[in-house]
Amino acid sequence: MSEHSQASPSSGFHDPTAEAFPATLEGRLLFWIAVVFSMFQIATAAHWLDLPSQVVRACHVGFLLLLTYPLVAMGKGAVWKTVAWLLALAAVSVAVYQWWEYRDLLLRAGDASQLDVVMGVVAMGTIFVATWVLMGPALPVICGFFLAYCLFGQYLPDPLNHRGYDFAQVVEHMAYGTEGIYGVPTYVSSSYIFLFILFGSFLEKAGMIKLFTDVALGLVGHAQGGAAKVAVVSSALMGTISGSGVANVVTTGQFTIPLMKRFGYRAAFAGGVEATASMGGQLMPPVMGAVAFIMAETLGVEYAEIVQAAIIPAILYYFGAFWMVHLEAGKHGLVGLKKSELPSAWLAIKTQWFLIIPLAALVWLLVGGYTPLFAGTVGLAFTVVLILGASIAIGLPSMAIRVLFWIGLGVVCAAFLKFGTGIVAAAIIALIAVNAFSKGGRETVLACRDSLAEGAKSALPVGVACAIVGVIIGTVTLTGAANTFGQFVVSVGQNSLILSLVLTMVTCIILGMGIPTIPNYIITSSIAGPALEQLGVPLIISHMFVFYFGILADLTPPVALACFAAAPIAKERGLNISIEAVKIAAAGFVIPYMAVYDPALMLQVKGDWHQYLPGVAYMVFKSVLAIALWGVSVIGYLGVRLPFWMRLLSTAAAFLLIAAIPATDEIGFALSALFAVLVWRIQKTNALSGVQSA
């Protein structure tokens, strides 16, 4: 689930999560630090280790930087390694200082000592440097501008200026308390996000990726353009546990992109399909790139409300991508794979159905009102039980005994609802003890240990990003900087809401270039979200609007992170892939606008279900029709190749269905009917011509 689990050389990122821990003394040390990091996070999440939230956040950041610096310097010279370890130890000293001085820091809040200021500078400096070496310059430069605004904003002309703040005050605000680098994003990273990264790591180790791929191949591999449809379906499924666009590209893309090329898709289009489908994983519940948890925490609403708003747009996004690859395949006559070469989706589910249990339990707990922290802890525990239990079950002498074993284990796990997570922990300890006495069991235990290390390593980019964007939140809370942008957007919106939305979209895409999903959402929602709310856009929809376009920023030129991640796999220029991805994701650019003008698309309509269900059904139907027309206009094919003027007609019909001006729906439906009749006549004429020529 790392945001940049691998990077192409052209992307400018060095990502330590892309490679295994080296088999050296230093590598083994870092491996065990990663294991301890994961155990620390599990212990605090399950409340086996009760520490103040501020201390947990400081230790979380300390562990992140302790791993990041040496891993980045791995393979470099002795000087680089020495500097890396010094920076790592400096970051750890900040965490130790926060823990040791916790009570005293609370008592002298607002009157920082000289040592407090020094340690605060060390905290910010180590985070900025770690982000730069780990993720490139984009994010630290943007955060640096915000920090500079805190320090020197009083010299700017009105209305951009503020009253001015002392250096010590800025450092204290950013490096201590809950408004800066230890703010809400770090809190969510240290509690929810880390657990879900571990959850995904264990599920991958259990074979979930193979299950998703087999199901996708079995369902759509034989259809027209089946190779590309497999990419869409597998990435959608992968998104339910990962939610990281770039991580999805480099996992599923290693299989789907060469497969698409082998069956006739252009390299740029194949990369674009994978990038588009992978980025959509961040819209797909339950994980949603971990942004769902930050959004729920920021808005003060239940997690279920965020999922409710996200589910229909996510399905529409994937429908749009699926439709585009279907049309492209038809246009170029690309057939599917032979059924004899494909796995059976039913057989894959039948033989590996148990892998779905932890994911189903996670969704049930989240939707059922349990906190993400509790749900993530239980979901992770169930996954570990599943892996360890499967190792034991294989060695049991008969099917009847295996069934009884699984029933008994299931009853023990279900008892957590009455007795808490302690009983599941006891079951895990017992399973580890039993596995320790068999050869295959010992290998399973070691695999679980490795998953702890891999999960901690995968958390580095997301966790470091969450820490540094606290600078932006701190700037907004200290100076009120978001008001200036908000007032401008509101003044534009008084004359035209659509102009305000376009301005917000452009801002989100620009700010989102080269920045992972979570900091992207935090930046854009802090700046643009309040402005849209003042214009009458419902709160959740305004945040979903900026979240949507922050994600699409990873597909748009010139940065297009997901596309550049796909470039070395597709053996094509990242810019060419980006152009194709924007075409394929065309539907994604219109869905947020439709939701703003009619909240029913995000199920934000109050009243009983039977009262607003017809409105929701109407919006979904209209959206599907608009997306279908939009895809036809972009690809230029619907059973037959379409002339340019018909593509313009399709575009006009789609645009009118998207707009929410009186009578546009009626005109849009009329143009859609006209377009359908014209296509039918062209198809009929071509068919007759073919018969006559034959």
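The values are calculated or read from the model by the stated rules, or taken from the named source; none is laboratory data. These figures come from a predicted structure and were not determined experimentally. In this analysis, Cβ positions are derived from the backbone assuming ideal geometry, glycine residues included, and neighbour counts consider all displayed protein chains. For accessibility, only protein heavy atoms count, side chains too; no ligands or nucleic acids. Shrake-Rupley method; radii C 1.70, N 1.55, O 1.52, S 1.80 Å.
Quick notes on this structure:
- Net charge of the neighbourhood of Ala348, taken over other residues with C-beta under 12 Å away and scored Lys/Arg +1, Asp/Glu -1, is +1.
- When each of Lys338/Lys571; Lys205/Lys439; Lys76/Lys439; Lys331/Lys571 is checked by Cα-Cα distance, pairs over 29 Å: Lys76/Lys439
- Inter-probe distance in nm under a simple model that places probes 7 Å from Cα toward Cβ, at Ala223 and Val363: 1.9
- For the chain, the relative contact order works out to 18 percent when only alpha carbon pairs closer than 8 Å and six or more residues apart are counted.
- Rg(Cα)/(2.2 N^0.38 Å) for the range 99-233, N = residue count: 1.64
- Net lengthening on full extension, Leu156/Phe669 (0.36 nm per residue, minus Cα-Cα): 179.5 nm
- For the chain, calculated [θ]222 nm from helices alone, where every DSSP H run of n ≥ 4 adds -39500 (n - 2.57): -23500 deg cm²/dmol
- For Ile510, the accessible surface of its heavy atoms amounts to roughly 100 Å² (probe 1.4 Å, protein chains only, rounded to the nearest 10).
- Estimated translational D of the range 312-456 in µm²/s (Stokes, Kirkwood radius over Cα pairs; 25 °C; 0.890 mPa s): 134
- Taken per residue, the accessible surface of the range 174-227 reaches 23 Å², heavy atoms only and a 1.4 Å probe.
- Residue-normalised accessible area of the range 613-661, expressed per residue, 1.4 Å probe, Å²: 43
- Within the accessible surface of the chain, defined with a 1.4 Å probe on protein heavy atoms only, the carbon and sulfur portion equals 69 percent.
- P(r) weight above 43 Å for the chain, C-alpha pairs, percent: 26
- Computed E for Arg266/Gln352 - FRET, C-beta separation, R0 41 angstrom, nearest 0.05: 0.75
- Per residue, the accessible area of the range 329-425 comes to 52 Å² when a 1.4 Å probe rolls over the protein heavy atoms.
- Within straight-line cross-link reach of Lys81, aspartates and glutamates at Cα separation under 19 Å, skipping those fewer than 8 residues along the same chain: Asp15, Glu19, Glu26
- Whole-number percent relative contact order across the range 44-198, with pairs defined as alpha carbons under 8 Å at least 6 apart: 25
- Euclidean distance between Cα centres, the range 298-323 to the range 191-209, Å: 21
- Virtual spin-label span in nm between Arg108 and Val403, 7 Å along Cα→Cβ: 6.9
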